[in-house]
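**Student:** Structure provided below as structure tokens; questions to follow.
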């Protein structure tokens, strides 16, 4: 059977790759979405923006603390089963967020989403690169990065627009519905993919002896802390301090904050790329190229720790 080809990639490879790109968009949209809805969520539960913002901190801490144990557990599963399970948990968390009657339940629902987030971003790049031939690995990686970057440009303000139109709960419900569709789609098109190299906690001390990884983690801590500390409260700042239409300016800021992904170097594994995208800076980019030469196990660990940091 003849399959359509583009740049040497078959239609059978394109379909799951496009699905992963859409998943990357949905996951990153979900990550940034509460930022644009913070004022509305706070008002619904009679909280201040600062109190409602605790939800964002709990989500971040949840991803950080859960990434390593969840990936140690998930590394034993075949990739397709893992992906479908992660998408199902993600969808469940979104629907729970949409119907949460109290703020503590909403925070717990976001923790469910955080579990899926921690696993997905640790393996998304690995799955994408294994869907295609080695020579097309850079293209596969760039597809995932594109979905993530588009979410930064349009995902947050789009969530804000839906929230303004029909309420913040419907925004979570829409994301949950898209996730459910993704489960069905990937179940139909994603090929069977054997599990990769298993990672155990016993290997962690060896990774921490690598000075390049430690330097990368340190850069990530400082850059991500400054970035998210300011960005998390951009919506109430625009409305209350700058006195501008937050919805319009979120679209503009999204375009300014978007980061173009690297597409030339196939060995530059996506978990490492995502760590550097958050860390930023030429020094971090150069360090990442060196780290990328290490084993796939180390690259996966960079992805794990990046999303916690």
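Nothing in this text is a laboratory measurement; each read-out follows from the coordinates by a stated rule. Please read these numbers as outputs of a predicted model, since none were measured by experiment. Cβ placement follows ideal geometry from the backbone for every residue including glycine, while neighbour counts extend to all protein chains displayed.
**Student:** Which FRET efficiency value, to the nearest 0.05, is calculated for residue 229 and residue 44 with the Förster distance at 25 angstrom and r the Cβ-Cβ distance?
**Tutor:** Rounded to the nearest 0.05, the efficiency is 0.55.
**Student:** Taking the convex hull of the Cα atoms, report for the stretch 134-224 its projected area averaged over all directions, in nm².
**Tutor:** Reported value for the Cα convex hull: 9.9 nm².
**Student:** Something else: Run the simple label-point estimate for residue 195 and residue 208 please: 7 Å along Cα→C-beta, distance reported in nm.
**Tutor:** 2.5 nm
**Student:** Sort 168, 61, 14 so that the residue with the fewest other Cβ atoms within 10 Å of its own Cβ comes first and the one with the most comes last.
**Tutor:** By the 10 Å Cβ count, ascending, the order reads 61, 14, 168.
**Student:** By how many nm would the segment from residue 221 to residue 12 grow when fully extended, if each residue of separation counts as 0.36 nm and the alpha-carbon distance is taken off?
**Tutor:** Stretched out fully, the residue 221 to residue 12 stretch lengthens by 71.3 nm.
**Student:** Multiply the residue separation of residue 99 and residue 54 by 0.36 nm, subtract the distance between their alpha-carbon atoms, and state the gained length in nm to one decimal.
**Tutor:** On the way: separation 45, 0.36 × 45 = 16.20 nm, distance 1.90 nm.
The residue 99-residue 54 span can extend by a further 14.3 nm.
**Student:** Is the shape of the stretch 101-167 rounded, prolate or oblate, going by the alpha carbon gyration tensor and its root eigenvalues a ≥ b ≥ c, with a/c under 1.5 for rounded and a/b larger than b/c for prolate?
**Tutor:** Because a/c hits 1.5 or more and a/b fails to exceed b/c, the stretch 101-167 counts as oblate.
**Student:** How do 170, 82, 143, 223 rank when sorted from fewest to most other Cβ atoms within 10 Å of their own Cβ?
**Tutor:** 170, 223, 82, 143
**Student:** What is the calculated FRET efficiency for residue 133 to residue 84, with r their C-beta to C-beta distance and R₀ = 30 Å, to the nearest 0.05?
**Tutor:** Here the calculated transfer efficiency is 0.80.
**Student:** Regarding the stretch 1-158, what are the three Cα extents along the principal axes, ordered largest first, in Å?
**Tutor:** 59, 34, 23
**Student:** Assuming R0 = 25 Å, can you tell me the calculated FRET efficiency for the pair residue 76 and residue 146, based on Cβ-Cβ distance, to the nearest 0.05?
**Tutor:** After rounding to 0.05, the efficiency reads 0.25.
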